[in-house]
1. Have a look at A98, A58, A121 and point out the one that is within 21 Å of P180 (Cα to Cα), of a type in the set (G, A, S) and over 13 Å from the mean Cα position of the chain (by Cα).
2. Looking only at residues that are within 14 Å of G64 (Cα to Cα) and charged (D, E, K, R) in segment 133-180, which one is surrounded by the fewest Cβ atoms within 10 Å (Cβ to Cβ)?
3. Let me spell it out: the conditions are (1) more than 18 Å from T148 (Cβ to Cβ); (2) at pLDDT 95 or above; (3) open to solvent by 70 Å² or more (accessible area, probe 1.4 Å), and R94 meets all of them except one. Which number is the exception?
4. Are there any pairs with C-beta distances below 7 angstrom linking a residue in segment 111-124 that is over 10 Å from G77 (Cβ atoms) and in contact (Cβ under 8 Å) with a residue 60 or more places away in the chain to a residue that is of a type outside the set (S, T, N, Q) and part of a helix (DSSP H, G or I), with the two at least 6 apart or on different chains, and if so which?
5. How do the pairs read when you match residues in segment 52-71 that are touching a residue at least 40 places away in the same chain (Cβ under 8 Å) and basic (K, R) with residues anywhere that are open to solvent by 40 Å² or more (accessible area, probe 1.4 Å) and in a helix (DSSP H, G or I), using Cβ under 7 Å and keeping only pairs 6 or more apart or on different chains?
6. Mind telling me which of the residues A159, A152, A125, A164 ends up being more than 14 Å from R60 (Cα to Cα) and of a type outside the set (S, T, N, Q)?
Amino acid sequence: MKIRVVFALCVAAGLTLAGCSGDVSPPADTRSNATLSADEAAQYLLAEAPGEAVEVMAARESAGDGDEVIVVGRIGGSKSPWIDGRAAFPIVDRSVKACNEISGDRCPTPWDYCCQLDLLAKGTALIKLVDADGRALAFDARAIPGVTELAAVVVKGTAHRDEAGNLTITANRIYIQETP
């Protein structure tokens with residue numbers, strides 16, 4: 001029974017990723033975190049910010065499906081913001097306070113923003129790194145230097161909207177603006 005539940009969750013997560021981008025092609029890179037060298041991971045980093053970025057909430061309000069956007073936010077939004085086997089992660093608008101920024105809060109996972117759940121839904125976007133053909137990269141995003149919970153990242157890419165208004169941004173590279 002437990003295996004069925006885990007399998008169903010994995011299938012649902014995979015369908016969610018495919019549904020967010022409309023891309024159902026196989027991943028471009030099927031290497032695991034253990035086989036991705038530092039040099040290979042670094043190729044997904046920008047040396048400088050790609051331009052004037054808007055916060056996640058502003059992008060969610062204004063970006064249309066297919067628009068080119070430059071968005072800034074902090075990695076987080078759940079206890080584990082990582083998508084196994086994918087170079088993808090959610091970012092949260094920097095106006096939303098992480099739990100470690102609230103006086104007296106002792107949350108062990110401040111990047112989950114559990115103390116700001118009312119703002120989380122409208123302040124989150126999914127970042128998905130893709131190859132030149134738009135296919136999802138299949139390695140753990142944490143293999144990229146500086147990609148960690150609460151790191152501020154700037155992403156230039158293409159906006160994708162689903163029926164519920166969720167925002168996914170596909171990009172080839174990211175800029176690490178600040179690490180915690």
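The values are calculated or read from the model by the stated rules, or taken from the named source; none is laboratory data. None of these values were measured; they are calculated from a predicted model. Quick reminder, even Gly has a Cβ in these numbers, built from the backbone with ideal geometry, and neighbours come from all protein chains shown. For the accessible areas, the whole protein counts, side chains as well, though only heavy atoms, and no ligand, DNA or RNA atoms are used. Shrake-Rupley method; radii C 1.70, N 1.55, O 1.52, S 1.80 Å.
1. Numbers: A58 fails: within 21 Å of P180 (Cα to Cα); A121 fails: within 21 Å of P180 (Cα to Cα).
One residue alone meets the criteria, A98.
2. Within segment 133-180, the subset within 14 Å of G64 (Cα to Cα) is 157-170.
Filter once more, so that each one left must be charged (D, E, K, R): 161-163.
Numbers: R161: 16, D162: 15, E163: 6.
Ranking the candidates gives E163 first.
3. Among (1) more than 18 Å from T148 (Cβ to Cβ); (2) at pLDDT 95 or above; (3) open to solvent by 70 Å² or more (accessible area, probe 1.4 Å), R94 violates only (1).
4. K122/M57; K122/R60
5. R60/K122
6. Working: A159 fails: more than 14 Å from R60 (Cα to Cα); A125 fails: more than 14 Å from R60 (Cα to Cα); A164 fails: more than 14 Å from R60 (Cα to Cα).
Sole residue among the options that is more than 14 Å from R60 (Cα to Cα) and of a type outside the set (S, T, N, Q): A152.
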